[in-house]
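A.B. asks: Quick one: the structure is below, questions incoming.
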Amino acid sequence: MGNSLKAIVAFVPSNKCQKYLLEDLKEMPVDKMVDLSGRQLRRLPLHICSFRELVKLYLSDNNLNHLPPELEQLQNLQILALDFNNFKALPLVVCTLKQLCILYLGNNKLCNLPFELRLLQNLKTLWIESNCLQYLPEVVCELSLLKTLHAGSNALRALPSQLRCLQELRTIWLSGNLLSEFPPVLLHMPFLEVIDVDRNTIRYFPSLAHLPSLKLVIYDHNPCRNAPKVAKGVRRVGRWSEESPEPRKRSGALVDITPEDMPLPPPTNKPELEAEPC
């Protein structure tokens, strides 16, 4: 089905057109996964909400800006992908899906997250990158099982102190924000394994050597004059990382050494569709 034809059909609310978009998906797939990514959808076909045993639902890269209340029927859903759509607010019905452990919300137009998000106490991975967030919603700090937080490419200038309550958090991705200093709360999170603050405006890095679980820190593309100190075995990606020496002090001044071959940060794209459910 061509994309132009899909776009036309998506405007027509008839049942026949909806079945056409679903390509005769009449019964729940054996693998309990439905992928409707890139279908030019402007509304979720209600037929999908009858698949009550569904575990994975991918709605990425559509034109959705709302979801039907019938979505609440999918109480076994563990993975929901709503990235690359037109959501200005997270539909509250998503917060009723209490078995969710992975939620993709990246590349929308979100300026905040609802207080009801705290109901998703099984959530382990949250993707909110490339939205319009000027601050990290404090409700995120109430997701007690959260292990991975992707919040890059927003307009964050700071992180809430309550973030330290997330003792299961292991990786935090903050690339492409407006952080002018290294978030102090991260210095009090000894359980963190990966910290990414690439592409911010941080000029000075405090020592991270006291963080016993840290394995990787990405600090490249900041106007910093020093590299963060880390414990032995911790990988750094940025200026004066282990691939090149740090600047030496000469008469109280730092010599600016720029390595020729800068290591690239790992890709930040979300995993393949066959992500393992929790």
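Values in this text are rule-based calculations from the coordinates and carry no lab data. Just so it is clear, the structure is predicted and the values come from calculations on it, not from any experiment. In this analysis, Cβ positions are derived from the backbone assuming ideal geometry, glycine residues included, and neighbour counts consider all displayed protein chains.
A.B. asks: By how many nm would the segment from residue 155 to residue 235 grow when fully extended, if each residue of separation counts as 0.36 nm and the alpha-carbon distance is taken off?
C.D. replies: In short, 26.1 nm is gained.
A.B. asks: Something else now. Given labels modelled 7 Å from the Cα in the Cβ direction, how far is it in nm from residue 88 to residue 47?
C.D. replies: A separation of 3.1 nm, rounded to one decimal place.
A.B. asks: Figure the gain on full extension for residue 203 and residue 180 (residue separation times 0.36 nm, minus the Cα-Cα span) and round it to one decimal in nm.
C.D. replies: Length difference between fully extended and current span is 7.6 nm.
A.B. asks: Distance cut-off 18 Å, Cα to Cα: go down the list 26/98; 56/124; 56/98; 32/109 and report the pairs above it.
C.D. replies: The pairs that break the limit, which is 18 Å between Cα atoms, are 26/98; 32/109.
A.B. asks: Sum up the charges of everything whose Cβ sits under 14 Å from the Cβ of residue 119, counting Lys and Arg as +1 and Asp and Glu as -1, but leave residue 119 out.
C.D. replies: -1
A.B. asks: Can you compute the FRET efficiency between residue 226 and residue 115 using 1/(1 + (r/R0)^6), with r the Cβ-Cβ distance and R0 = 41 Å? Round to the nearest 0.05.
C.D. replies: Efficiency, rounded to the nearest 0.05: 0.55.
A.B. asks: Figure the gain on full extension for residue 145 and residue 99 (residue separation times 0.36 nm, minus the Cα-Cα span) and round it to one decimal in nm.
C.D. replies: 15.3 nm
A.B. asks: Label points 7 Å out from Cα along the Cβ direction at residue 162 and residue 134: separation in nm?
C.D. replies: Placing both labels 7 Å beyond Cα along the Cβ direction yields 1.9 nm.
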